[in-house]
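A quick write-up on the structure given underneath.
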Amino acid sequence: MAQATFHFPRGFLWGTATASHQVEGGNSNNNWYAWEQQPGRILQGHKSGLACDWWNGRWREDFHRAADAGQNAHRLSVEWSRIQPAPDRWDEEALDRYLEMLRGLKELNITPMVTLHHFSDPLWLTERGGWENEAVVGLFETYVRRVVDALKDYVSLWCTINEPNVYVTVGYLAGLFPPGKKNVSLGQQVMLNMARGHAAAYRAIHALQPEARAGLAINYRSIHPAHAWFPLDRAVAGFQRRSYNDFFPRVAQDGVARLPFGRKRLPEARGTQDFIGVNYYTRERVAFDLLKPGELFSRRSLRPGALLSDGGMIANEPEGMFEAVQWAQGFGLPILITENGVDDAEDRMRPQYLAQHLHQLWRAVNYNWPVKGYFHWSLVDNFEWERGWTQRFGLWELDVETQARRKRPSADLYAEICRENGLSADMVARFAPDIFAEMFPN
């Protein structure tokens, strides 16, 4: 049997990622809670409910699981609606709970990364128009200043906004996230306000904590024309790559907002990222379709014959990970893989998916591309937005009724990777034998 180990650089961050509304439970003052109450919004009528019960303290046992499994980092988010439950009120007890979580991570020698906005908005903000209203920029900055001032003793790695490209696309084109609109013009306004909000947050973070590192987490879609020979397929794929993948990191680089339909200068956004966060899950094929204006005249599909996740939304396309890092390194910044994972309740696909994606990440590292860490989605099964509890991404399985956790085999594979700071032939042979010959040919 071939023997080799793909080692990563010294000091590499190995962690998992979570988000407040998805794990805390009892979040009843934000737009996602309101969305869950509307019939037909969430698959099978699921509700977040207790989620993973972190707000009542079960984060402790999950953090200990992460530490025992060799993880040295964790990405979590704080909930704006808890910290500022009303425009004129701040909840110090909520901030103290987040402080307690961060202390808990530090005591376990786990480096925290804190996301300041992960899809959910306070209800009072949505009543004012949310991210459609330019006033959100100042409101977001005020919130960020309050949070950073309170938590800066325990965290210096900040993500301002998670997947703003998803927030806009799914909330303002597809209508599957709140506010459930299908309006390109409003979507462009939200893109501009999120870019301004990120810039204001970045500058606030550095004013309070000069040594901090702050950036965005971008959902990178590996988009390819369904028929490379067809000019319209190539055109729509290129247009979507530019408008979906590039908009936010490019405006944060040079201050030019390249909107789908026009350009606008945002000089305040220039130079407002210290790293680029990449969330990569799968590759997609795009075909031109005149009958789908709401999807930018395209029809999306996954590669025929690809190994698919439980929900059929993720194809195992590890080469897309290398492509995502290649794209990210073009910005000349340190790179963090802020999310990568697959919904797989029976853990049949995840070991292979994890091994192959980390092999591609190792390839990128060996091009001397500045990849600094990897956060697997997710530590434990959590409430997956409009998919409810139908998608299971956790290294640990969650019984929603009893709150019991059960370790999946992939948790052991990831633990060995974290402890070794690498992926070995022996690990692949034991956890994903079907791909051993492909990854370690004689």
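Taking neighbour counts of Cβ atoms within 10 Å as a proxy for exposure, in what order, fewest first, do F261, F297, F393 appear?
Details: F261 8, F297 18, F393 26.
Going from least to most buried by this count: F261, F297, F393.
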Worksheet item: So what's region 28-77 giving for Cα Rg divided by 2.2 N^0.38 Å, two decimals?
Response: 1.52
Fill in: Rg/Rh (Cα only; Kirkwood hydrodynamic radius) as it applies to region 5-439
0.93
Worksheet item: How do H46, H357 rank when sorted from fewest to most other Cβ atoms within 10 Å of their own Cβ?
Response: H46, H357
Discussion item. Which residues does the label zone of Y367 cover in region 309-350, counting backbone N under 14 Å from a point 7 Å along Cα→Cβ?
Written reply: 319-333, 335
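Would you kindly state how much longer the chain becomes between R299 and L43 on full extension, computed as 0.36 nm times their sequence separation minus their alpha carbon distance, in nm to one decimal? Could you put the intermediate results ahead of the total?
On the way: separation 256, 0.36 × 256 = 92.16 nm, distance 2.23 nm.
Contour length minus Cα-Cα distance gives 89.9 nm.
In deg cm²/dmol and to the nearest 500, what is the mean residue ellipticity at 222 nm of the chain if only DSSP H runs of at least 4 residues count, each as -39500 (n - 2.57), divided by the residue total? Could you put the intermediate results ahead of the total?
On the way: 16 runs with 162 residues, N = 442.
For the chain, the value works out to -11000 deg cm²/dmol.
Which pairs, out of K181/K264; K152/K264; K264/K372; K264/K292; K106/K407; K152/K407, put more than 25 Å between their alpha-carbon atoms? Intermediate values should be presented prior to the final figure.
On the way: K181/K264 23 Å; K152/K264 34 Å; K264/K372 32 Å; K264/K292 27 Å; K106/K407 23 Å; K152/K407 33 Å.
Correct reply: K152/K264; K264/K372; K264/K292; K152/K407.
Working out 0.36 nm times the residue gap between R263 and T402, then minus their Cα-Cα distance, what length gain in nm do you get to one decimal?
44.9 nm
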Fill in: Compactness of region 59-195 as Cα Rg over 2.2 N^0.38 Å, two decimals
1.15
Practice prompt. Using only the Cα atoms of region 130-268, construct the convex hull and provide its projected area averaged over every direction, in square nanometres to one decimal.
Written response: 9.2 nm²
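Arrange L333, L176 by Cβ neighbour counts within 10 Å, fewest through most, would you? Let's see the in-between values first.
Details: L333 20, L176 14.
Final ranking by Cβ density, sparse to dense: L176, L333.
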Worksheet item: Using a basic spin-label model with each label point 7 Å from the Cα along Cα→Cβ, how many nm lie between K292 and E134?
Response: 3.5 nm
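No value in this document is a laboratory result; all are computed from the given coordinates. What you see is a predicted model, and the numbers here were worked out from it, not measured in a lab. Glycine gets a Cβ as well: all are built from the backbone with ideal geometry, and neighbour counts include every protein chain shown.
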